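Novice: Handing you a structure now.
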Amino acid sequence: MSDEARATEAASGPRLGVAFAKLFAGNLFGKVLGVVRELALAASFGTGAAAGAFRAAQTATVLPTHFFASDTLNAGFIPLCARYLRDDPSRARALFWSVFALLNVIGIGMAILLFLAAPLIAGVLVPGFSQEQQALTAAMLRAMAVGVPFYVQAILASYVEMAHGRYFIASIRAGAQNAGLIAGVIAAAVTGNPLLLGWGFTVFCIVFAVVGIGSVARAGLLGRPHDVDWEEARSVMRDFLVVIAPLALLPLLQQGAYAVERVIASLVDARAVPALDYARAISDTGLTLLAVPLGMAGLAELGRVDADAAREQMRRLLRPLLFVTVPGSVFLVLHAQPVVRLIFGRGEFGEDSVAVTSLVLLGLDAGFWAQVTAFVLAKAMSAQGRNTSVARITAIASLAHVAVNVLLYRTLGALALGIAASTQALVLLLLAARTLRVGRDVSLVMLPLVLGAAGYLALERALDAAAALPLIASAAVFVAYWALFVLGLHALARRLPGSSWIRPVFLRRSGET
């Protein structure tokens, strides 16, 4: 790495760390509320008709809005806006107001389409539901459609803030959303009206938009429309469309894969639709707390450094990330059912619900580590402007997701839903690591982890043969084993010669201690 790259990396490292800390704190609070939301929903509605209709309506609402909240907009808007702010702030203002106007038109049009086509969407998305459950899904979808225009504008405001190096709106997003959904669950349970589940989402969207846009306006980040040179705005929009063009089909591929997943789930068992989301609520904890803050911070910060510095940052992140997520995957695979029973096993969430949710979680947990790591690497690619590569590898991974679901659901049932998602994550990870040229780094870290996982499996099997351990005892054994394993491996790495394959796992250069 050049001296200039090292200096740039040194300057970017603290910013990335601060950004991650802010987003992590917000997402941690949001995850706590998310657990409360899932517990309340499981206890009140289990995997019954109301829960299934709510999950399906939520999917139908989120699928189109992911175009704005996910890869296409954030991977295109944030790095471009950050670059304009550095080089020509007037172009940054023109970019915001142009995209703001565009999203107003699209958001309102999308809400009208979802409202009018709700019965048709419900019939296509969950063909395995009864007519009554499809009708309930359509009614919930209409309630949630009202919030869509507010949601997309609040998301845009959070991206403006991140481009300025601020993270307040992004950090409160998960918490605010879960607070609104909790209110909807409570209202639905108390009144016996399941439609209030959908209205809880809409109330969150409206409040989030008011708070988000108000926050960036008070900070002076938006400017004013009459300050914009609209001739310049046309030039800026051309730049923006060039940046996002490679990603234009990405939301269709990703969300299309998730739509197929919902269709397959409804064909497996109507209970598998809500069970899929209960399982994701557990497995997505790592994505929410680790991958999302790292990935979003990387979009804003890694775009400021050159490719060598960005790659070095990724190498530094890979080691602790894999050493946390791989053992976590192993533990959850071994204890999927006890974890589900501990978290959700009460009220309307009976043993049948535990069984189907555990099957989905088992498949998801096998690829938990790959899901987290792949997300971070994909965002690093977008930060470097490699959106064409992101679109290509995501398309391949999404097709793998669909193929596994279609091929395996008849034989594996609900388990196929989790395995398909893990396959998608693994394919994305392998292709992203190859594109970023960090595949060797991943291999170096994975080799000792595979050996450690084999030892842990042998230990668990021996303990289970002696006496079945309760979940809390198994967790204590897990923590003790992996702590000793990491300390032992680190000590071994320090004593081996610089050419040893173990040293790079902990020591970045042969002379580093």
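The values are calculated or read from the model by the stated rules, or taken from the named source; none is laboratory data. Fair warning: this is a prediction, and the values are worked out from it, not measured in the lab. Reconstructed Cβ throughout: ideal geometry from the backbone, glycine too, with neighbour counts over all protein chains shown.
Novice: In the range 102-156, which residue that is of a type in the set (Val, Ile, Thr) and buried (at least 22 other Cβ atoms within 10 Å of the Cβ) is farthest from Val211 (Cα to Cα)?
Specialist: Pass one, the range 102-156, residues of a type in the set (Val, Ile, Thr): 105-106, 108, 112, 121, 124, 126, 137, 146, 148, 152, 155.
So of that shortlist, the ones also buried (at least 22 other Cβ atoms within 10 Å of the Cβ) come out as 121, 126, 137, 148, 152, 155.
Numbers: Ile121: 31, Val126: 35, Thr137: 29, Val148: 16, Val152: 13, Ile155: 11 Å.
So, considering only residues that are of a type in the set (Val, Ile, Thr) and buried (at least 22 other Cβ atoms within 10 Å of the Cβ), the one farthest from Val211 (Cα to Cα) is Val126.
Novice: I'd like to check something: does the range 402-413 contain any residue that is of a type in the set (Lys, Arg), under 24 Å from Ile264 (Cβ atoms) and without any contact (Cβ under 8 Å) to a residue 40 or more places away in the chain?
Specialist: Of all residues in the range 402-413, those of a type in the set (Lys, Arg) come to 410.
If we keep only those that are under 24 Å from Ile264 (Cβ atoms) as well, we get 410.
Still in the running and without any contact (Cβ under 8 Å) to a residue 40 or more places away in the chain: 410.
The answer is yes; a qualifying residue exists.
Novice: Something else about it: Quick one: would you say Phe96 is aromatic (Phe, Trp, Tyr), in the same structural domain as Arg271 (by TED's automatic domain parsing), in a helix (DSSP H, G or I) and under 19 Å from Gly212 (Cα atoms)? Please lay out each step first, then the result.
Specialist: Details: aromatic (Phe, Trp, Tyr): yes; in the same structural domain as Arg271 (by TED's automatic domain parsing): yes; in a helix (DSSP H, G or I): yes; under 19 Å from Gly212 (Cα atoms): yes.
Yes, satisfied.
Novice: Just wondering, is there one or more residues in the range 464-485 that are of a type in the set (S, T, N, Q) and not assigned by TED's automatic domain parsing to the domain that holds Val242? Quick ask: steps written out before the conclusion?
Specialist: Here is the first cut: in the range 464-485, the ones of a type in the set (S, T, N, Q) are 474.
Within this subset, residues satisfying the condition of being not assigned by TED's automatic domain parsing to the domain that holds Val242 are 474.
Yes - at least one qualifying residue is present in the range 464-485.
Novice: Condition test on Ala143, is it at pLDDT 90 or above and at negative phi?
Specialist: The answer is yes for Ala143.
Novice: Is at least one residue of the range 471-480 modelled with pLDDT of 85 or more, over 30 Å from Ser353 (Cα atoms), in a helix (DSSP H, G or I) and in contact with a Phe, Trp or Tyr (Cβ under 7 Å, 6 or more places away or on another chain)?
Specialist: So far as the range 471-480 goes, no, none of its residues is modelled with pLDDT of 85 or more, over 30 Å from Ser353 (Cα atoms), in a helix (DSSP H, G or I) and in contact with a Phe, Trp or Tyr (Cβ under 7 Å, 6 or more places away or on another chain).
Novice: While we're here: Among the candidates Leu377, Leu449, which residue alone is surrounded by 19 or more Cβ atoms within 10 Å (Cβ to Cβ), part of a helix (DSSP H, G or I) and not assigned by TED's automatic domain parsing to the domain that holds Val268? Outline the logic, then answer.
Specialist: On the way: Leu377 fails: not assigned by TED's automatic domain parsing to the domain that holds Val268.
After applying the criteria, what remains is Leu449.
Novice: Can you tell me how many residues in the range 1-55 are modelled with pLDDT under 80, of a type in the set (Lys, Arg) and touching an Asp or Glu at 6+ places or on another chain (Cβ under 6 Å)?
Specialist: Within the range 1-55, residues that are modelled with pLDDT under 80, of a type in the set (Lys, Arg) and touching an Asp or Glu at 6+ places or on another chain (Cβ under 6 Å) number 1.
Novice: Okay, next question. For the range 324-357, how many residues meet the condition of being out of contact with any Gly (no Cβ under 7 Å at 6 or more places or on another chain), over 18 Å from Ala475 (Cα atoms) and of a type in the set (S, T, N, Q)?
Specialist: Count: 1.
Novice: For Ala458, are the conditions met, namely being among the aliphatic types (A, V, I, L, M) and in the same structural domain as Gln371 (by TED's automatic domain parsing)? Spell out how you get there, then give the answer.
Specialist: Values: among the aliphatic types (A, V, I, L, M): yes; in the same structural domain as Gln371 (by TED's automatic domain parsing): no.
Here the answer is no, as Ala458 does not meet what is asked.
Novice: Answer yes or no: is there a residue in the range 410-426 that is touching a Ser or Thr at 6+ places or on another chain (Cβ under 6 Å), assigned to a helix (DSSP H, G or I) and modelled with pLDDT of 90 or more. Write out each step before concluding.
Specialist: Looking only at the range 410-426, we keep the residues that are touching a Ser or Thr at 6+ places or on another chain (Cβ under 6 Å), and these are none.
No.
Novice: Could you go through the range 128-145 and let me know if any residue there is in contact with a Pro (Cβ under 6 Å, 6 or more places away or on another chain) and within 18 Å of Leu196 (Cβ to Cβ).
Specialist: Of the range 128-145, the ones in contact with a Pro (Cβ under 6 Å, 6 or more places away or on another chain) are 138.
Imposing the further condition that a residue be within 18 Å of Leu196 (Cβ to Cβ) reduces the set to 138.
Yes.
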